[in-house]
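Some notes on the structure that comes next.
What follows draws every value from the coordinates through simple rules; no lab data is involved. Note that the structure is predicted; figures quoted are calculated from it, not measured. Don't worry about glycine lacking a Cβ; one is built from the backbone with ideal geometry, like all the others, and counts go over all protein chains shown.
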2 protein chains.
Amino acid sequence: MFKDTTPEEIDKAMHEAWDAYLIYKKTSLKERNRLMHTIADLLENSGEEIIHTAMEETHLPEARLKGERARTVLQLRQYGDAAEEGSWLDLRINTADEKSNYPDVRKTKVALGPVVVFGSSNFPFAYSTAGGDTACALAAGCPVIVKAHPAHAKTSQMVADIISKAVEKVKLPKAVFTHLHGISFDVSKALVMHPLTKAVGFTGSLSGGKQLFDWGNQREEPIPVFSEMGSTNPVFLLPGKIKSDAEEIARQYAGSITNGVGQFCTKPGLIIAIDDGSVDGFKEILKEKIENTAAQKMLHAGIAKAFAQKKEKALQQKGVSVMAATTVETDISEGQPAVATVSAKEFIKNQLLRDEVFGPFSLIILCKDFKEMADVASVLKGQLTATIIGNEEEVKQHRDLCDKIENICGRFILNGVPTGVTVCTAMQHGGPFPATTDSRFTSVGSDGISRFVRPIAFQNWPNKLLPEELQNENPLHFWRTVNGKMTKDAI
Amino acid sequence: MFKDTTPEEIDKAMHEAWDAYLIYKKTSLKERNRLMHTIADLLENSGEEIIHTAMEETHLPEARLKGERARTVLQLRQYGDAAEEGSWLDLRINTADEKSNYPDVRKTKVALGPVVVFGSSNFPFAYSTAGGDTACALAAGCPVIVKAHPAHAKTSQMVADIISKAVEKVKLPKAVFTHLHGISFDVSKALVMHPLTKAVGFTGSLSGGKQLFDWGNQREEPIPVFSEMGSTNPVFLLPGKIKSDAEEIARQYAGSITNGVGQFCTKPGLIIAIDDGSVDGFKEILKEKIENTAAQKMLHAGIAKAFAQKKEKALQQKGVSVMAATTVETDISEGQPAVATVSAKEFIKNQLLRDEVFGPFSLIILCKDFKEMADVASVLKGQLTATIIGNEEEVKQHRDLCDKIENICGRFILNGVPTGVTVCTAMQHGGPFPATTDSRFTSVGSDGISRFVRPIAFQNWPNKLLPEELQNENPLHFWRTVNGKMTKDAI
């Protein structure tokens, strides 16, 4: 339907993005925020057609898509406001010290350059065309080049048209935002390898994200590639709590495993419990709920096929047995919810069981004691999230286990579910590899802006020639660290 | 003299460092600061022998080495104090919002794990064993494994013994600090590739730093490798200022090019001027001063040889002619100061002339007009620093040129020399590739601590089980962003 962008078109687009960068990076934070609010307003009022298009392309239900659009609008406004508030600039000023012969040095942040964004298949709005990466890059002062996800290319084009309209409305250069199509890997590769690309944002599979990361590092000038590549999101059940609150927790987890057909990067894929009888009630109720959950159509045929295969492969592993599978009739394009069990002993021996199964599937790992539970925590790779279910007393008793879990996750939840990522300043959505390619940054929350800027220090510049945020008078009323003290005062 | 560490010894050291990490990352910031001040105190009082050993190994003069030791002591204290002050934790708190069903989320930073540090040849104290990378990693809560630079292995061992003594004195696990020797690349590779290594700091050549970076990315679990790889530090001379202050500027630059035998990563290697007569006075005085600067022994024979070869190669390029060379008698191990000239036209055509020549050599690029000066700025790669020499009026007139220069540097100096990197919060020592492998971080100043930590968010934890810095009462009195507002108040 949409033709793949040619290498010549990519080169032209990147040059135009670069020219736009030289102008856009100099815009005030107020102007950037105005652009982001304008996009948000237009998207908020984009009507029914875009929702119906997304429904057709992704098989996600209307309410979910409307909620996701609202979340995307919220993100744009929240990150735009955060950009204008200015504390992300981490302003540092050391005034000259003639006694020690120290010069005046002042540090702010500057945009990296054009950012290529690869949207996700599972969030056609919130982590795609006008999603979190685009919002962060625009807030940072970087032009954005989005490659549409082929699975929802029409929706992507509609969102892109909205962004372009907003760019025009606030009178910024057109190439502040570019939208390209491409099914072939060659398009992705050409975008990452182009010398004028200065950073990449990606949300999707491990294989896809790692490939972009490798290309980014193989360039003559390596660039940061922020790939968010999913997780198994382990959940550790401590006996006291899981025994006393079995029903409530089973209800929550049946939802967390199957909501959105399990197509969330924060779906709880591994549940680790002590096999001393305390978990039996939870298992029983979870089983019943899973069996009564209808299968639903997945995002696209490729994902449905991959889910069926990966689930099947997991179930074939030594010691793995199905505990619950939906009994509601389904067809091949639908993700059939299932939960299986395995002993910790077998799990620790079998690397394959640590891989994410994207879809409504979860594996319960049964440990003979806390020592074995700690061993499971030790063999797990990096995760977006980890969760502990436990009473306060239990958690206190098992601080060592908590420390081990802390080592592998970006967000650590107590008594909750990992699905549902609140858009707020304190959020961390990013964890040690292979959850993401750079655990030092987040892709949710306004701190994600920092991915697309670098510090620059001005030494010995007269006040009037400095960027506004570094001038003595502090005309923008930003928080600044002046000679080691945090202050909003003028100098 | 020192034997290369064997693969078995490296594996053992990394496991010990990992065990130390699990304890050290949980130490309070106060304890880490105490360790760093203890190292600083012992180093400050380390006497004459260590200075004489360093003089023998590096051929650097006594006063310089004593000054460098003092700088190293200052860094340890400054970064330790900054660590304890806590603002580097970037604390963010969003309290629960029951109306919107948002959970309580609180974000702090956690140490990445064991950090391998490769010291530089040109700073045996300040960017080696107890240098900036080690100080930042210790402040962050990471154990450090230093591979001694073979060119000053004895000095390195003496400093390492001081650090180990300090670790013992404050009763921390021995393996918080490890010191290894190795001339073979195999030792470096094994250290970077070891699965328990979680980050790398390096200061040195482009080829060395890039190799470590590539290894770091080729691991099964890629890790951040912070290589600071030098620069040509371009200096742009605007006609008004260079004409009126020729003598003073020529004096400064003769010093900046030849001080420390030009063995600084911030040595001005390229000087860009308009060839309209305004620069003639500067050239003449610079020539005289260079001719009268004696050659000095370089750090080691390998560096002296590389300097002689690279300088010779630059001088053989089309259009390059020697403007000044020392006339003081020298021998082969000494770096002979020289300055050459070339037209902008030839410079732009010749990639080789953009490479760093490590030693007392600088190339003056003569432009026929400002357009050509901007073209030179456009072809330059990433730089640690860039400098403009100009009157306020001139700088104002040439904002476009300034914007171009801003795109390529981490520190932008007006009317000064790039050599001399002040240790302060506002410092940025790091620029776009190939100056460093990650322009988003600095290796000088306490902001360098951020290289070795990652954020972690705690969701829905009861107050008493949270890390101290995130508890409601704010017992450590840190600055925190609470529901979007910067404050030191309790919640």
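Taking each DSSP H run with n ≥ 4 as -39500 (n - 2.57) and averaging over every residue of chain B yields -12000 deg cm²/dmol at 222 nm.
Once the other residues with Cβ under 14 Å from the Cβ of B:Glu346 are scored (Lys, Arg +1; Asp, Glu -1), what is the net sum? Charge balance in the 14 Å sphere: +2. Listed by chain and number, the lysines whose C-alpha is less than 17 Å from the C-alpha of B:Lys488, apart from same-chain residues fewer than 8 away, are A:Lys485, A:Lys488, B:Lys107.
Once you've got the Cα coordinates, tell me which of A:Lys25/B:Lys210; B:Lys147/B:Lys297; B:Lys109/B:Lys171 are over 27 Å apart. In this structure, A:Lys25/B:Lys210 lie more than 27 Å apart at Cα.
Ordered by the number of other Cβ atoms lying within 10 Å of each residue's own Cβ, fewest first, B:Glu84, B:Glu312, A:Glu168 fall into the sequence B:Glu312, A:Glu168, B:Glu84. Charge tally around A:Val117: other residues with Cβ under 14 Å, Lys/Arg +1 each, Asp/Glu -1 each, net +1. Only aspartates and glutamates eight or more places from A:Lys313 in sequence, or on another chain, were considered; those with a Cα closer than 20 Å are A:Asp331, A:Glu334, A:Glu346, A:Asp355, A:Glu356.
What separates the A:Lys99 label point from its copies, with the point 7 Å along Cα to Cβ, is 5.2 nm, written shortest first. Computed from the Cα positions only, the extents of region B:235-414 along the three principal axes stand at 47, 31, 29 Å, in decreasing order. Among chain A residues, the beta-carbon with the smallest distance to the axis carrying A onto B is reported, with distance in whole Å, as A:Asn217, 2.
Copy-to-copy label distances for B:Lys313, where each label lies 7 Å from Cα along Cα-to-Cβ, are 4.7 nm in order of increasing length. Remark: A:Thr38, B:Thr27, A:Thr436 ranked as B:Thr27, A:Thr38, A:Thr436, counting other beta-carbon atoms within 10 Å and listing the fewest first.
Between copies, the label points of A:Asn460, set 7 Å from Cα on the Cα→Cβ line, lie 5.7 nm apart, reported in increasing order to one decimal in nanometres. Charging the Cβ of each Asp and Glu at -1 and of each Lys and Arg at +1, and nothing else, the dipole of the protein assembly as shown about its Cα centre rounds to 40 debye. Let me check I've understood the local charge: for A:Asp90, count other residues with C-beta under 10 angstrom from its C-beta, Lys and Arg +1, Asp and Glu -1. What total comes out? Every neighbour counted, the sum reads +2. Dipole orientation for region A:335-491: of the candidates A:Gly359, A:Leu465, A:Gly445, A:Leu465 has the Cα lying most toward the positive pole (charges on Cβ; Lys, Arg +1; Asp, Glu -1).
When peptides B:186-193, A:264-271, A:64-71 are ranked by their average number of other Cβ atoms within 10 Å per residue, the highest-first order is A:264-271, B:186-193, A:64-71.
Taking every alpha-carbon pair under 8 Å whose residues sit at least 6 apart, region A:175-241 reaches a relative contact order of 30 percent. Each of B:Leu212, A:Leu42, B:Leu76 was scored by other Cβ atoms within 10 Å of its Cβ. Listed from fewest to most, they are A:Leu42, B:Leu212, B:Leu76. Measure up A:Lys154/A:Lys305; A:Lys26/B:Lys396; B:Lys287/B:Lys368 against 19 Å on the Cα-Cα distance and list the ones that go over. Violating the 19 Å limit, Cα to Cα: A:Lys154/A:Lys305; B:Lys287/B:Lys368.
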